[in-house]
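This report concerns only the one structure given below.
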Amino acid sequence: MSLLTELEIFGDGFLQRCRAYGAAGGRVYRCCIAKRVTIEISFGAAKLFTREKMNQINNSRVIIRPSEAGDCEAFLTAVRRSRAVHGSWINRKAKTPAEYQKYLEKCEKGANHFYCVFHRETGGLVGVINLNNPVLGVLCSASVGYYAFAPYAGQGLMGEGLQLVLRQAFTKHKLHRVEADIQPKNRASLALAKKCGFVKEGFSRRFAKIRGRWRDHERWAILAEDFRKRK
């Protein structure tokens, strides 16, 4: 069974990226070059599109959807212009179409959930947020990784994107807990986690190998009930 819902879309840049609403459980079937787009969502995901939730989505400056092949050029360009932003905080990202294709295959074949964050008005690629290594059963948990692209870093857009991804984590993906492992001196990432409701839980020595070196990380986490209380 399906449910057809019409969404009011404002801004040509966003209209071009309207298929990103597929991240909320649906697929775009057609879009009119006007102020409307018609999407089809599965009956099981219809609960995501209550009036309250749609207002929250529409009030955000960003939209999210899973990474896809058509993002290759935008992704590679964003990586090139963001070297100063990323510094030594994250491992090297794809630099060629072949490397991006390998990244995409990892997205499609693995259990991980990789989301692109787009600016609502311009359609520009704001950043990437990944739900890594999800484990269901008695844990229902995953780790989250994220990185912003210039010129959108530092504008609060990734915080809005992370809120949308967390909604997916605790509804569509049925997780109970999402953990963020952050280097102690990465102030921007720590600030983002705090802003989105993550709580510091501990410290892991030489936790992950970043740019060839084992680096310490702080452990931050948010639970489904924490997220619901913030809404």
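What follows draws every value from the coordinates through simple rules; no lab data is involved. Just so you know, these numbers come straight off a predicted model, no measurement behind them. Note: ideal-geometry Cβ built from the backbone for every residue, glycine included; neighbour counts use all protein chains shown.
Values as computed for the structure displayed
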item: Residues satisfying the stated conditions in region 174-207, i.e. surrounded by 14 or more Cβ atoms within 10 Å (Cβ to Cβ), in a strand (DSSP E or B) and not β-branched (Val, Ile, Thr); result: Arg177, Glu179, Ala180, Asp181, Lys200, Phe207
item: Residue, farthest from Gly212 (Cα to Cα), within region 77-103, restricted to residues that are in contact with a helix residue (DSSP H, G or I) (Cβ under 6 Å, 6 or more places away or on another chain) and assigned to a helix (DSSP H, G or I); result: Pro97
